[in-house]
Each structure stands twice: as structure tokens, then as C-alpha cells.
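Here is the structure we will look at.
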Amino acid sequence: MKTDQNIYVACIGPDKMAPSLSNPAEFAPVVFDRFEQYDLPAQDLTRFAALSISIHADQRFLLSHKDRLEAYLDQGGIVLWNGPMAYEVIDGVGAFLPRPQRNLTGLKITRLAEHPLFAGVSGEDLTFRRGVAGFWGRGHNAAPEGAVLLNGMDEEPEQAPIDWIWQRPKGGIVISHAGNDFLTFALAGIGTGADLLASNFAVWLTDQVHTMSEKRA
């Protein structure tokens, strides 16, 4: 990470980051930065406490540089993966499995485990966006052994964990959200608990950074 007191998150993908995520006062000390995905080989990833990889990222390109992502994780980095895993960009993360049912039952989100990332956010907040279901996601990335399942879909949500968090045995943390970008989902301003998602991530990340610093001291 950078030597100042801020905690930097790299938002990686082809799209411009939403302006409201660029406001350092709102999420301080976390600052959401951005770089173009094709700049990955030139970036010093140690500057960042976390990488948020967009659902729109070029996964074939990321696959060709998976060694850089693995090294980042091995050194204790955090990767927030958004969207379906089409290629094995991160070892241990299984391929995307779409839900066979696209009706309301199939798209219903159920909380499987409490976690600070979803503090104040209900399953209904994630299921619906202005009364329409399906925005949160329509399938899941298969979770590795040892992952904590956070939210599931359909009638057997444990079998379809759309959100999970994994402390890798080799180091680092992977958060898998197999739907639309976790951080920008909160920017719709729809007046539900989902508006808290980016702030929750900032608070959780700050705690993680402080905990790691204390362990190193």
C-alpha cells in the first residue's frame, strides 16, 4: 500500500468508476482508485489493500496474468471478484453455474451467514431493485473448501452461494460475488439496505488492514 494514511482499493475493468466512489471523505480512510485493466502488468499491486475486479473485465487477459494476481494474494492481498468466473483466473475458484430457474423463486437471495459486508442489508434488499428481481445475480461461482458462504439463491441456497469469502491457505482473501459489481450496486440510491454495500466494504477493509498491521507489529 501507499505510505500515507489512506487505504487504496483498485477498481479494475474497462468502465469508468462511478464518481461517488471517488469521494475520499465519504469512505475515509479508504480511497477507491482505478486503473485500466490492460495496465495491470505495469502496476505495483502492493500499493493496494484490495483489488475489485469488474464483471466487465477481460478475463482472457486476466488469465494471461494470473501469476500476478496469485502473487498479490500470496502476499496477503484481498481480491473482490465480481461476476461469473468464465476462466480459472484465480486457482480454487470454480466455474460459474447459472441458476436453472429464472423465476422469482430461483432469484431469491437468502442470507447464509452474518458478515460485516452485509451489515444492515437483508436478503430482500438484494433480491429486489425497485421491485425487479435478478439484478444481484443469476448464478454462482463454485466455492472452494473452507469458504464461508454468505448469500445463496433459489430453494436450496446452500447449493447456490452467490456470495462467499475465502481465506486462502497460501494467504490473502478472495470475495466472490457472482453478479453485478458489488461496489457500484450500492450507488443506485434506491433507499434500501443495499445502499450500504460500499460503506460496509470500506469499514470491513479498514478493520482487515489494521488487524494485519497489528499482527506484523
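Would it be correct to say that ASP33 is among the charged types (D, E, K, R), touching a residue at least 12 places away in the same chain (Cβ under 8 Å) and either assigned to a strand (DSSP E or B) or touching a helix residue (DSSP H, G or I) at 6+ places or on another chain (Cβ under 6 Å) (or both)? Judged against the criteria, ASP33 is a match. Among the residues making up the range 108-160, none is hydroxyl-bearing (Ser, Thr, Tyr) and over 22 Å from PHE201 (Cα atoms). Within the range 173-184, does at least one residue satisfy the condition of being surrounded by 20 or more Cβ atoms within 10 Å (Cβ to Cβ) and touching a Cys at 6+ places or on another chain (Cβ under 8 Å)? Yes, some residue in the range 173-184 is surrounded by 20 or more Cβ atoms within 10 Å (Cβ to Cβ) and touching a Cys at 6+ places or on another chain (Cβ under 8 Å). Number of residues in the range 97-120 that are within 13 Å of GLY193 (Cβ to Cβ), surrounded by 15 or more Cβ atoms within 10 Å (Cβ to Cβ) and either acidic (Asp, Glu) or out of contact with any Ser or Thr (no Cβ under 8 Å at 6 or more places or on another chain) (or both): the value is 2.
For first residues located in the range 2-19 and over 21 Å from ARG60 (Cα atoms) and outside any loop (DSSP other than H, G, I, E, B), partners that are modelled with pLDDT of 85 or more and among the charged types (D, E, K, R) and lie 6+ apart or on another chain with Cβ distances below 7 Å form the pairs TYR8/ASP33; TYR8/ARG47; VAL9/ASP33.
For ALA86, the conditions (1) surrounded by fewer than 14 Cβ atoms within 10 Å (Cβ to Cβ); (2) assigned to a strand (DSSP E or B); (3) among the hydrophobic types (A, V, I, L, M, F, W, C) are fulfilled apart from (2). Quick check, is SER52 at pLDDT 95 or above, buried (at least 19 other Cβ atoms within 10 Å of the Cβ) and among the polar types (S, T, N, Q)? Here the answer is yes, as SER52 does meet what is asked.
Looking across the range 20-30, the residues that are assigned to a helix (DSSP H, G or I) and crowded, with 16+ Cβ neighbours inside 10 Å come down to LEU21, PHE27. Against the list (1) surrounded by fewer than 17 Cβ atoms within 10 Å (Cβ to Cβ); (2) assigned to a helix (DSSP H, G or I); (3) among the hydrophobic types (A, V, I, L, M, F, W, C), the condition ILE190 fails is (2). For the range 129-148, a residue qualifies if it is within 21 Å of GLY191 (Cα to Cα) and in contact (Cβ under 8 Å) with a residue 12 or more places away in the chain, and the qualifying residues are ARG129, ARG130, ALA133, GLY134, PHE135, TRP136, GLY137.
Here GLY137 clears all of (1) among the small types (Gly, Ala, Ser); (2) farther than 30 Å from LYS215 by Cα; (3) surrounded by fewer than 18 Cβ atoms within 10 Å (Cβ to Cβ) except the condition numbered (3).
Hey, any hits in the range 49-58 for a residue that's in contact with a Ser or Thr (Cβ under 7 Å, 6 or more places away or on another chain), outside any loop (DSSP other than H, G, I, E, B) and not aliphatic (A, V, I, L, M)? No.
Of all the listed residues (ILE175, ILE190), the sole one being under 18 Å from LEU21 (Cβ atoms), at pLDDT below 95, in contact with a strand residue (DSSP E or B) (Cβ under 9 Å, 6 or more places away or on another chain) and of a type in the set (Val, Ile, Thr) is ILE190.
The values are calculated or read from the model by the stated rules, or taken from the named source; none is laboratory data. No experiment lies behind these values; they were computed from the predicted model shown. In this analysis, Cβ positions are derived from the backbone assuming ideal geometry, glycine residues included, and neighbour counts consider all displayed protein chains.
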